[in-house]
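Each remark here refers to the structure printed beneath this line.
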Number of protein chains: 2
Amino acid sequence: MELIEQSRIFEGRQLRLRHASSSCHCDMTLAIFLPPQAVDQSVPVVWWLSGLTCNDQNFTTKAGAQRIAAELGLAIIAPDTSPRGAEVPDAEDGAWDFGQGAGFYVNATQAPYDRHYQMADYIQQELPSAIQQALPSLLKDFKPLDFSRQSISGHSMGGHGALTLAIKHPEQYRSASAFAPICAPSDCPWGQKALGAYIGQDRNAWRKYDAVALLEDRGYSKPLLVDQGMADSFLDVQLMPDRLEKICQEKRIPLTLNRRAGYDHSYYFISTFIESHLRFHAEALAQV
Amino acid sequence: MELIEQSRIFEGRQLRLRHASSSCHCDMTLAIFLPPQAVDQSVPVVWWLSGLTCNDQNFTTKAGAQRIAAELGLAIIAPDTSPRGAEVPDAEDGAWDFGQGAGFYVNATQAPYDRHYQMADYIQQELPSAIQQALPSLLKDFKPLDFSRQSISGHSMGGHGALTLAIKHPEQYRSASAFAPICAPSDCPWGQKALGAYIGQDRNAWRKYDAVALLEDRGYSKPLLVDQGMADSFLDVQLMPDRLEKICQEKRIPLTLNRRAGYDHSYYFISTFIESHLRFHAEALAQV
């Protein structure tokens, strides 16, 4: 793992790193924010998964999260949204909702995507150990991160990624939150396109990449927070928070769903409410 | 003036507008943040002038200023950094430090730049009245802005713009601040290149676009705040805050110059300290 950029921000350190991913078989770039507390303590980790068309920089430059993470003593890891590179198969029609920038946080099973599109394993398995191994020698003035305390959040496609990873790995992530997540990808155009190509046409195999289906199948007992803008143009056709609310009510899963009047799908919406999400995760991460 | 985008953020409104500029003889795009207080009150204005290569969106998406402006009841106007368009002469060698994206907030006197590069008049004269005229009919649910209360800030080339406009128009701007400003453009490569081409080779004519020279010639008695990162790679050759500090000491001008250890020239630096700048301006703008 190679440190390609670093800047001081809010007395912490914003890093950008590059490494050869063994899961995705390509070079991957990621961003990590280290709060000032990380000089003296092993701090917990919040993962941020971004949405369609994004990379590791959108959240890092636009959300205003470092101010709050610096106060709360949280590291934030923002991976890229897909494998990248000339050798990685992309959308044949140049579409922005499939292929590079649109990995949907799945482990693809279908050729030609299965070799590189292994984003679920990349984020849940490979990155924690790769970061744990590399960071101490890259940054000798910081303590190692505390991967025994992880929480996860994300936006849109990344909200889908955060919810599905959290529901499948409750032992790994202490809390989950999302901004405008794709709640039921099996039943929306973005999800059907991606899951059909990455996972194949057996819709039963899609259930482990669908938050509503996962909650039906497995339930969830960790803290769960979702914010949704009510002026979001993707609300009814792609996101469907009502479906998430319904299954949580049926299964008595304690979801906090905030419907935010007038807010759209942009980072202006995320920047407004990221403070409440980080405080929510900090509370779960503070418990022994 | 046409409203081309709007988003809710921190209960206020982030706008993007386009209009035909009579000063610059081209279409210009700008961003305005209206705080929630602007629904009921005529709120004061902070101008933000961006740096080389930027447009109206860099500050708007990256600085995290809206949170604080929403608390303080400040409107923020972020103009573009130069005239734009196919008909506007640009750097012949494709340089990023001259031409489009690099207007240097001057009124050019030299052909072929003089027809379009009139950024000083555009910001100081045209925009206040153009906005005052257009906004009430575009946004009927907000009160007109209070242009009797204006302050100005900016970054790098925009810090130069903010300081020079403020020193020349103390009746218009109640306070001035800057992040990593080009303090003495007559004596640095960026400034010499731009002023030579826009204003000509008579270095005496450059003095009204040089903060240090203007302070020598005219002094200044309004509140003045500058932050400078000490890990800024442009510090010694292009920015020269020591020159600003020296003339302020000589002329007993009350400058607050904060040297910030470890911070670079990026928006990570700006986002860390923008809160203190907006609170500084709010104090000057609150006085009757």
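Structure notes:
- Test: residue in the range B:120-142 that is modelled with pLDDT of 95 or more and at positive phi: no
- Every pair of residues 6+ apart whose Cβ atoms lie under 8 Å, when the first sits in the range A:186-206 and is more than 17 Å from A:GLU92 (Cβ to Cβ) while the second is among the aromatic types (Phe, Trp, Tyr) and assigned to a loop (DSSP other than H, G, I, E, B): A:GLY191/A:PHE104; A:LEU195/A:PHE104
- Residue check, A:THR29 among the polar types (S, T, N, Q), in a strand (DSSP E or B) and either within 14 Å of another protein chain (Cβ to nearest Cβ) or out of contact with any Ser or Thr (no Cβ under 8 Å at 6 or more places or on another chain) (or both): yes
- Considering each residue of the range A:241-250 in turn, none proves to be farther than 26 Å from B:ALA31 by Cα and in contact with a Gly (Cβ under 8 Å, 6 or more places away or on another chain).
- Residue check for A:GLU11: surrounded by fewer than 18 Cβ atoms within 10 Å (Cβ to Cβ) and more than 14 Å from chain B (Cβ to nearest Cβ): no
- Among residues of the range A:71-94 being surrounded by fewer than 21 Cβ atoms within 10 Å (Cβ to Cβ) and touching a helix residue (DSSP H, G or I) at 6+ places or on another chain (Cβ under 7 Å), the one that is nearest to A:HIS265 (Cα to Cα) is A:LEU72.
- The set of residues in the range B:14-23 being part of a strand (DSSP E or B), within 14 Å of B:ILE131 (Cβ to Cβ) and touching a residue at least 40 places away in the same chain (Cβ under 8 Å) consists of B:LEU15, B:ARG16, B:LEU17, B:HIS19, B:SER21.
- When A:HIS265, A:HIS277 are checked against the criterion of being within 14 Å of chain B (Cβ to nearest Cβ) and either surrounded by 21 or more Cβ atoms within 10 Å (Cβ to Cβ) or touching a residue at least 60 places away in the same chain (Cβ under 8 Å) (or both), a single residue qualifies: A:HIS265.
- Taken over the range A:25-37, the residue count meeting the criterion of being farther than 16 Å from A:ASN55 by Cα, in contact with an Asp or Glu (Cβ under 9 Å, 6 or more places away or on another chain) and crowded, with 22+ Cβ neighbours inside 10 Å is 1.
- Residue selected from the range A:202-243 under the condition buried (at least 22 other Cβ atoms within 10 Å of the Cβ), more than 14 Å from A:TRP190 (Cα to Cα) and not aliphatic (A, V, I, L, M), by the criterion nearest to the other protein chains (Cβ to nearest Cβ): A:GLY229
- Of everything listed in (1) surrounded by fewer than 21 Cβ atoms within 10 Å (Cβ to Cβ); (2) away from chain A (no Cβ under 14 Å), the single unmet condition for B:GLN6 is (2).
- Residue list for the range A:244-262, filter: among the hydrophobic types (A, V, I, L, M, F, W, C) and within 9 Å of another protein chain (Cβ to nearest Cβ): A:ALA261
- Search result, residues across the range B:246-288 that are assigned to a loop (DSSP other than H, G, I, E, B) and small (Gly, Ala, Ser): B:ALA261, B:GLY262, B:SER266
- Scope the range B:234-245; condition assigned to a loop (DSSP other than H, G, I, E, B) and closer than 12 Å to B:VAL212 by Cα; matching residues: B:MET240
- Residue in the range A:172-185 that is in contact with a helix residue (DSSP H, G or I) (Cβ under 7 Å, 6 or more places away or on another chain), loosely packed, with under 14 Cβ neighbours inside 10 Å and at pLDDT 95 or above present: no
- Hits in the range B:247-262 (condition: on the phi < 0 side of the Ramachandran plot and either free of Cβ contacts under 8 Å to residues at least 24 places away in the same chain or hydroxyl-bearing (Ser, Thr, Tyr) (or both)): B:GLN249, B:GLU250, B:THR256
- Listed by first and then second residue, the pairs linking a residue in the range A:120-139 that is surrounded by fewer than 17 Cβ atoms within 10 Å (Cβ to Cβ) to a residue that is among the aromatic types (Phe, Trp, Tyr), with Cβ atoms under 7 Å apart and 6 or more places separating them unless they lie on different chains, are A:GLN132/A:PHE147.
- Within the set A:SER22, A:SER50, the sole residue that is under 21 Å from A:GLN118 (Cα atoms), surrounded by fewer than 16 Cβ atoms within 10 Å (Cβ to Cβ) and of a type in the set (S, T, N, Q) turns out to be A:SER22.
- Residue that is nearest to the other protein chains (Cβ to nearest Cβ) [pool: residues in the range A:55-101 that are more than 26 Å from A:LEU195 (Cβ to Cβ) and part of a loop (DSSP other than H, G, I, E, B)]: A:GLY64
The values are calculated or read from the model by the stated rules, or taken from the named source; none is laboratory data. Owing to the predicted nature of the structure, the values given are computational and were not obtained by experimental measurement. Virtual Cβ from ideal backbone geometry, glycine too; neighbours counted across all protein chains shown.
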